[in-house]
Structure formats: structure tokens, C-alpha cells
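Everything on this sheet refers to the single structure shown next.
The values are calculated or read from the model by the stated rules, or taken from the named source; none is laboratory data. None of the values given here were measured: they were computed from a predicted structure. Here the Cβ positions follow ideal geometry from the backbone for every residue, glycine too, while neighbour counts run over all protein chains shown. These accessible areas exclude ligands, DNA and RNA; they are computed on the full protein's heavy atoms, side chains included. Shrake-Rupley method; radii C 1.70, N 1.55, O 1.52, S 1.80 Å.
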Protein chains: 2
Amino acid sequence: MPKLPAVDPDAAPERRGSGYPEPFKSRMGDRIKKRLGDACGLTKFGVNLVTLGPGGQSALRHWHTQEDEFVYVLEGEVVLVTNGGEQVLTTGMCAGYPAGKEDGHHFVNRSNRPAKYLEVGSRIEGDNAFYPDDDLMILERGKGIVYAHKDGTKY
Amino acid sequence: MPKLPAVDPDAAPERRGSGYPEPFKSRMGDRIKKRLGDACGLTKFGVNLVTLGPGGQSALRHWHTQEDEFVYVLEGEVVLVTNGGEQVLTTGMCAGYPAGKEDGHHFVNRSNRPAKYLEVGSRIEGDNAFYPDDDLMILERGKGIVYAHKDGTKY
């Protein structure tokens, strides 16, 4: 068993579910995250190991104002959806979403087996996230975040 | 062939060699990096896909003042060396090095086949790197970096 600064993801706690309000939360499907960056004590970016079951989604399609994001497919395949359409990403392929680029993105698992990927996101104050397909915004207010409708009212 | 924001690492340019002055540069051995984060247009952190040949090193043993680092082993095995000693990391294991933690770390490939891993590092101004085993410091000065001896004189 490795000791810090090394971590065996098999021993890291699993987190299921999403912070989204319904009806969005259920759409994520069978999604398990392990917060590997946190397990190593990192604070400047997060790294999650995600197992996404058939029918699951990485997130609602979204983009961030301040957060750079990167994903690397470890096992299986996912469909990447952006403004430009859809493309299949197989094991060993990656994608990156620069902060402020107004191109909503997410992964959907349309295959019949789980997909595994790493997701990395910078942690920078004042980040907001926008969702082109859904009545949702995530806004930083004070030290927390607010899930809001597109008219600004809270969920 | 994927299009942005997706990238196929097979199509990303290879970078060999190191910015270290000799005699350190040669110690890195057969090391190939592909800058996947840059290929995706990311600026807030870097993500490199590294192939490290037998006998190669990820870096000299070092730690950063401002940069969080994370590594995830994709293929093969590496030896992680820190102040706490050595441990073998096999495929699927990871490690993370919080900024400012004064624990020099690097990977050495002591196996007889190439190892592949992802390395992630935040890009934050004012970062310095220190090397407990070698007569080297990397210091930010102005918009660049300086490779210096431990007495502060430049290489």
C-alpha cells in the first residue's frame, strides 16, 4: 500500500451523486468520482478519477468563466458533445476546455460498459458556469456557490 | 481524427531533452513529453504525457514553492523517491505534491521497459524550485526563469 505523497485510487473514497438540483441530478446516471488531488493534499487544482456507467453523463453541458478543464480517457469510450457537434473519444484520447471559451461541453457514455477518465480543473476564485441547454447557472457568491435559474433566481 | 477541444496524443508533437544545464540534463535519459494541455489551449495548468525509458528520470528530485503537481501512472512502473524513501508506483497509481511542501520528489524508471504517465502542474507566477540532492535552483526573475547554483550564481 503506497504512502503519501503516493495514493492508490483503489483505496480512495467513492463519491456518488451530483450537487445539481433535480431534474438535472438524475441525468448524471451511474457516476462515481474519486478525488485524487484532494487525497494528495492539492489545493490549486482538482483531479478526479471518474467511472461513468452506460447512460451516464460527466456533467450537464457547460463552460466555465475562470476554470481550465482537462479530461483524459483511461478506459472505454465516451461521446464528447460541444457546440461543434459530437465525437467519440476512445481510451488514450483527451480534451481540454480553456476558461472563458463559450463552448459548452460534456461527456455522455452511450456505450454498454463503464468508461473511466481523469478530469482536472483549476481552482480559481470568481468562477461561474453556464449551461446552454438547461435552465441553470452556477454563480460564486461570497464563499459559496449558488445554483440559479437563468433569470437569476435560486433553486 | 478528433478535432478541438479533443486531441489525440498520438498526433501531438514529441519533445525530447530537458532545460537543465549539464551534468543534470543527461541524467533524464530517454524521456519524451507531449504537451497535451497546451495542445488544448489551456494556460492555467500544464498537462504532459510522458514516456520515460529504462534508466530515465522524470526530473531531478525537487519541490516547488507555488506549483501543485500531480502524476498518474498509465503504463509500466516507476520508483517514486522522496525524503521518506522509495516506493514503486504501478499502473493506475498516482501521487501529488502540494506547493511549498519541502519534500523533494521525482520518478526513476528502474524497470526494463518504458513507463508512461501524466504529469499536471499549476502555472502560478513567482514559482521557485529547489533541489535537495543537486547544486541547482530554478528561480523566477522577471518574465523568465534562471538556472542557478545554490550560491545564487547563474549556470
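Taking A:GLY152, is it more than 12 Å from every other protein chain (Cβ to nearest Cβ) and either open to solvent by less than 40 Å² (accessible area, probe 1.4 Å) or part of a strand (DSSP E or B) (or both)? Please lay out each step first, then the result.
Details: more than 12 Å from every other protein chain (Cβ to nearest Cβ): yes; either open to solvent by less than 40 Å² (accessible area, probe 1.4 Å) or part of a strand (DSSP E or B) (or both): yes.
Yes.
When the residues of the stretch B:1-18 are filtered to those that are within 14 Å of chain A (Cβ to nearest Cβ) and open to solvent by 100 Å² or more (accessible area, probe 1.4 Å), which remaining residue is farthest from A:VAL81 (Cα to Cα)?
Per the stated criteria, the residue is B:ASP10.
Among the residues of the stretch A:48-65, write down those that are buried (at least 22 other Cβ atoms within 10 Å of the Cβ) and either among the polar types (S, T, N, Q) or within 11 Å of chain B (Cβ to nearest Cβ) (or both).
The answer is A:LEU49, A:SER58, A:TRP63.
So, in the stretch B:97-115, exactly how many residues are closer than 23 Å to A:TYR72 by Cα and within 12 Å of the chain's Cα centre (by Cα)?
Residues meeting the conditions: 3.
Has the stretch B:47-66 got at least one residue that is outside any strand (DSSP E or B), under 29 Å from B:PRO132 (Cα atoms) and among the β-branched types (Val, Ile, Thr)?
The answer is yes; a qualifying residue exists.
If you check B:VAL120 against the conditions, is it surrounded by fewer than 18 Cβ atoms within 10 Å (Cβ to Cβ) and facing chain A (nearest Cβ under 9 Å)? If you could, list the steps in order and put the result at the bottom.
Details: surrounded by fewer than 18 Cβ atoms within 10 Å (Cβ to Cβ): no; facing chain A (nearest Cβ under 9 Å): yes.
Spelling it out, it is not the case that B:VAL120 is surrounded by fewer than 18 Cβ atoms within 10 Å (Cβ to Cβ) and facing chain A (nearest Cβ under 9 Å).
Quickly run through the stretch B:19-29 and pick out the residues that are without any contact (Cβ under 8 Å) to a residue 40 or more places away in the chain and open to solvent by 40 Å² or more (accessible area, probe 1.4 Å). Break it down stepwise before answering.
Going residue by residue through the stretch B:19-29, those that are without any contact (Cβ under 8 Å) to a residue 40 or more places away in the chain are B:22-23, B:25-28.
Correct list: B:GLU22, B:PRO23, B:LYS25, B:SER26, B:ARG27.
Specify which of the listed residues (B:GLY104, B:GLY96) is closer than 18 Å to B:MET28 by Cβ and either basic (Lys, Arg) or open to solvent by less than 20 Å² (accessible area, probe 1.4 Å) (or both). Please lay out each step first, then the result.
Working: B:GLY96 fails: closer than 18 Å to B:MET28 by Cβ.
Just a single option satisfies the conditions, and that option is B:GLY104.
Among the residues of the stretch B:73-83, write down those that are facing chain A (nearest Cβ under 8 Å) and over 14 Å from A:ASP8 (Cα atoms).
Within the stretch B:73-83, the subset facing chain A (nearest Cβ under 8 Å) is B:74, B:80, B:82.
Of everything in the stretch B:73-83, just one residue is facing chain A (nearest Cβ under 8 Å) and over 14 Å from A:ASP8 (Cα atoms), namely B:THR82.
From A:MET28, A:MET1, which residue is at pLDDT below 95 and either more than 22 Å from A:PHE130 (Cα to Cα) or touching a Phe, Trp or Tyr at 6+ places or on another chain (Cβ under 9 Å) (or both)? Before the answer, list the steps.
On the way: A:MET28 fails: at pLDDT below 95.
After ruling out the rest, the residue left standing is A:MET1.
Only one of (1) under 23 Å from A:GLY41 (Cβ atoms); (2) within 14 Å of the chain's Cα centre (by Cα) fails for B:THR65. Which number is that?
B:THR65 satisfies every listed condition except (2).
Given the conditions (1) outside any strand (DSSP E or B); (2) charged (D, E, K, R); (3) more than 9 Å from chain B (Cβ to nearest Cβ), which single one is not true for A:GLU86?
(1)
Out of the stretch B:32-47, which residues are open to solvent by less than 20 Å² (accessible area, probe 1.4 Å) and within 18 Å of the chain's Cα centre (by Cα)?
Filtering the stretch B:32-47 down to residues open to solvent by less than 20 Å² (accessible area, probe 1.4 Å) leaves B:36-37, B:40, B:42, B:45-47.
Correct list: B:LEU36, B:GLY37, B:LEU42, B:PHE45, B:GLY46, B:VAL47.
Taking the stretch B:73-83 as the region of interest, how many residues are open to solvent by less than 40 Å² (accessible area, probe 1.4 Å) and outside any strand (DSSP E or B)? Give the steps one after another, and end with the answer.
Residues of the stretch B:73-83 that are open to solvent by less than 40 Å² (accessible area, probe 1.4 Å), as a first pass: B:73-74, B:76, B:78-82.
Checking which are outside any strand (DSSP E or B) leaves us with B:76.
Qualifying residue count, the stretch B:73-83: 1.
Restricting to the stretch A:90-120, give me the number of residues that are free of Cβ contacts under 8 Å to residues at least 24 places away in the same chain and within 22 Å of B:LYS44 (Cβ to Cβ). Walk me through how you get there before you give the answer.
To start, the set of residues in the stretch A:90-120 that are free of Cβ contacts under 8 Å to residues at least 24 places away in the same chain comprises A:90-93.
Now restrict to residues that are within 22 Å of B:LYS44 (Cβ to Cβ): A:93.
Residues flagged as free of Cβ contacts under 8 Å to residues at least 24 places away in the same chain and within 22 Å of B:LYS44 (Cβ to Cβ) within the stretch A:90-120 amount to 1.
Any idea which of A:ASP134, A:ASP127, A:ASP68 is within 8 Å of chain B (Cβ to nearest Cβ), open to solvent by less than 40 Å² (accessible area, probe 1.4 Å) and of a type in the set (Asp, Glu)?
Details: A:ASP134 fails: within 8 Å of chain B (Cβ to nearest Cβ); A:ASP127 fails: within 8 Å of chain B (Cβ to nearest Cβ).
Only one candidate passes the filter, namely A:ASP68.
Regarding A:GLU140, is this residue modelled with pLDDT of 95 or more and either open to solvent by 30 Å² or more (accessible area, probe 1.4 Å) or within 14 Å of another protein chain (Cβ to nearest Cβ) (or both)?
Numbers: modelled with pLDDT of 95 or more: no; either open to solvent by 30 Å² or more (accessible area, probe 1.4 Å) or within 14 Å of another protein chain (Cβ to nearest Cβ) (or both): yes.
No, not satisfied.
Step by step: first the residues of the stretch B:89-109, then only those that are touching a Gly at 6+ places or on another chain (Cβ under 8 Å) and not hydroxyl-bearing (Ser, Thr, Tyr), then the one that is farthest from the other protein chains (Cβ to nearest Cβ). Which residue is that?
Selected residue: B:ASN109.
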